[in-house]
Each structure stands twice: as C-alpha cells, then as structure tokens.
Amino acid sequence: MFVSAGEPSGDAHAGALVAALRALEPDLVVEGVGGPHLEAAGARLMARIEDLTVIGFVEVVRKIPAHLRLLRRIEERLARGDVGLVVLVDYPGFHLRVAAAAARAKVPVLYYVAPQLWAWHESRVHQMARTVAHLAVILPFEEAFFSARGVRTTFVGHPFLDRPPLAARGAELKRSLGLDPDRPVLGLFPGSRAQEVRRLWPVFRAAAERVRRHTPELQVLVAAVDGAAYPDAGWVKVVPGRPRECFAAADAALCKSGTSTLEAALAGTPLVVAYRMHPLSYVLARRLVRVDRIGMVNLVAGRQVAPELIQGAVTPEALERAVRPLLERDSAARRAQLEGLAEVRRRLGEPGAALRAAEVARSLLAA
C-alpha cells in the first residue's frame, strides 16, 4: 500500500490509519510520503512532508518544481505493478494529481480526509468521481455533498475523537503548564506553520496586551510550533508542542481558522477565529471560495458559533472587543458559545475514525 500525507495534520491521520490497518493486516507493506507519525506506524518514506508543506496561492507556486519531481517518482513507483492501494490524505493540490496517476496505473485510491471542494473548486469533484474508488470523510456535512456528486463516500467520524483523554485537567493541568489555576488564561493559537505564525503572532500578542490592561490578573500562553518565531514574547508563556493541553487550560482563545478551531470545540474553550494570508493569495481566494465562513466550528455547526475576523479586519482592537466577553464567566456571549461548541462536538460523531477508515482500505485491498 502507498500512503501520502502532505502536511503535519495529514501525517497524524495517516499514521493512525496505517496503525489500525496493520493491526488487521500484519503482513501489509506500506510505503509513502509523510512524516514522523506515518514513519512510526511502520511506513517506509520516499519523501518527507517538510519538503512539501505550503499554504496560499503565491507560496504554492514556489513549490511546483519539487511537487512535479515527487509526482514523477510516485508514477515510477506505481508503474512497478505491486501496489495494491493508494491512500491519499487531504492536501488536494498535489494529491488529486497523484489520484489521476494512480488511475492511469489502474491502482484503486482511497482518499481519507476530503479536500474542501465544498468551499472552492467544486469542479474538481468530477475528477474525484473518475479517479477515487472511495472517499472517507471526517466532517458530517461532507458525506451528502460528495455522494450527491457521484463519489462513493463514507463519514467515518473525526480522528480527534480517537485520542486518549488528557492525563491532567483543570487546576492540575494549569499547574503542569506553569500557570496559576486561580487566574484566568487567554490562549493564543496563531497557527501550525511558520508563515501563519508570522502573520498572526504580532497582532494576537498586541490584542492580548490590550486585554491585560483591562484584566491585569490575566495569564497568556501561546501554543508554539517548531520552526516558528515568537518575538517579544515577554510576559506570554510559550508552550511548545502541547496545543491540546493549551486549549484545555485556556478560558478563551484567539485562534487561526481551520481544524484548530475543532480543538477548541472539543476542549470546550470559547474562541475568536482569525486568519491572514498573503495579499495576492487573499484576492484570489475571494474570487474562488464559495463558503461564507472560515472557522471549522462554524462550518460544522452550520451557523456562526464563534466570531470571525479575516485579513484587514484582524486588528488588536477588534480581537480585544471580541474575546473579552468570552473571558467573563457569566456573560451571555460565553454561555451562547459554549452551547454552540457542545453542538459541534455532537456532530463530529463517535470515536473510531481511523479504524473505520482502515476497514474501508482493507475492503479495497481485498477487491
């Protein structure tokens, strides 16, 4: 089986799927493109995600030569004739081309974690219907969308629900992060990639500083990632590699849009959603994107649960105005958002996403 994951979140999902499948099929040989999670599950990697991961239209252009070279290598690998299944995880700009290559090589494709074609590039659904044998989706509204357009689709639940519970919660968790459990905590989540952090960290920090002037006892932490810089952190506690714990410890959060907002929902942490991208990328995105919400919590809920700020609207003043009511224990804004986040958690399904996706993969291997 050949598995490809083009970014860190996809690598985690791919690793869990492969681990579940190898428990069912111990002799299965897995090769692919990924990172530490896929490698830990026993896959032999021909390329690593660190060489691929970019976001935004302008940034993607710079990686086209590397993508084309890797695509040729994958085509050569599939041409040997011994790959029984290709599993592609998210990352559509590259993986839809891999799916086409697999179709030409007559190798079935399982696509796990659907590309967000309901948001933009809906025309690509027809390509998926021709090249993908089965689509395993992790968002509840996606099954109807893709099935109606001719793609065989199964909602398997969200992989976040498969994770074991945190070892510590509440006051114990806050103390483990070096926080005072009796003082409020604002969490900053500017992204999982260096370029996201560069655009959001300064404005998130400035907003937190404004909130601190109003609430001097406030503690602020940032969920830090490798390869990103957090200049002038000062009074902000920088916590590397523990985003889930940071969400659970925070009383409210400023959060980059996307999947990380679901972490907030699962932790029950009210949040403000924000996003900035390269100006040219933003102009192009506005022409192509078909949805009117950017926060995954809002998309899953089908309504605005968390306030959203985009591009030029992401200012320290606007972030402060939006997040301060969420830090007030008895505010109507906080109560309403907590109810909305509970609805999102219910819609994400039950644990077992990786196993259900693995069972789909097993059926395709046996076909």
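The values are calculated or read from the model by the stated rules, or taken from the named source; none is laboratory data. Here the structure is a predicted model, which means the values were calculated and not measured. Every residue, glycine among them, receives a Cβ derived from its backbone with ideal geometry; neighbour counts consider all protein chains shown. Remember, those area values only see protein heavy atoms, side chains included, never the ligands or the DNA or RNA. Shrake-Rupley method; radii C 1.70, N 1.55, O 1.52, S 1.80 Å.
The figures follow:
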read-out: Helix axis angle, 92-104 relative to the chain longest principal axis, alpha carbon, degrees; value: 10 degrees
read-out: Centre separation in Å (Cα based) which lies between the stretch 133-171 and the stretch 93-126; value: 17 Å
read-out: With every protein chain in place, the chain: carbon and sulfur % of accessible area (1.4 Å); value: 52 percent
read-out: Volume per residue that the Cα convex hull of the chain spans, once the total is divided by residue count, Å³; value: 129 Å³
read-out: Compactness of the stretch 61-192 as Cα Rg over 2.2 N^0.38 Å, two decimals; value: 1.43
read-out: Mean Cβ count within 10 Å, highest first, over the residues of peptides 24-30, 164-170, 125-131, 271-277; value: 271-277, 125-131, 24-30, 164-170
read-out: Solvent-accessible area per residue for the stretch 57-209 (1.4 angstrom probe, square angstrom); value: 43 Å²
read-out: Helix 279-288 axis, angle to the chain major axis (alpha carbon atoms, nearest 10°); value: 60 degrees
read-out: Helix-only [θ]222 nm of the chain, DSSP H runs n ≥ 4, -39500 (n - 2.57) each, per residue, nearest 500; value: -14500 deg cm²/dmol
read-out: Cα-based helix-to-principal-axis angle, 57-78 vs the chain, degrees rounded to 10; value: 30 degrees
read-out: Rounded to whole Å, sorted largest first: equivalent-ellipsoid semi-axes of the stretch 299-367, Cα gyration tensor; value: 38, 17, 9
read-out: By average C-beta atoms within 10 angstrom, highest first, the peptides 174-184, 300-310; value: 300-310, 174-184
read-out: Exposure ranking of HIS121, HIS67 by accessible area [1.4 Å probe, largest first]; value: HIS121, HIS67
read-out: Whether the stretch 181-248 is rounded, prolate or oblate, judged on the alpha carbon gyration tensor where a/c under 1.5 counts as rounded; value: oblate
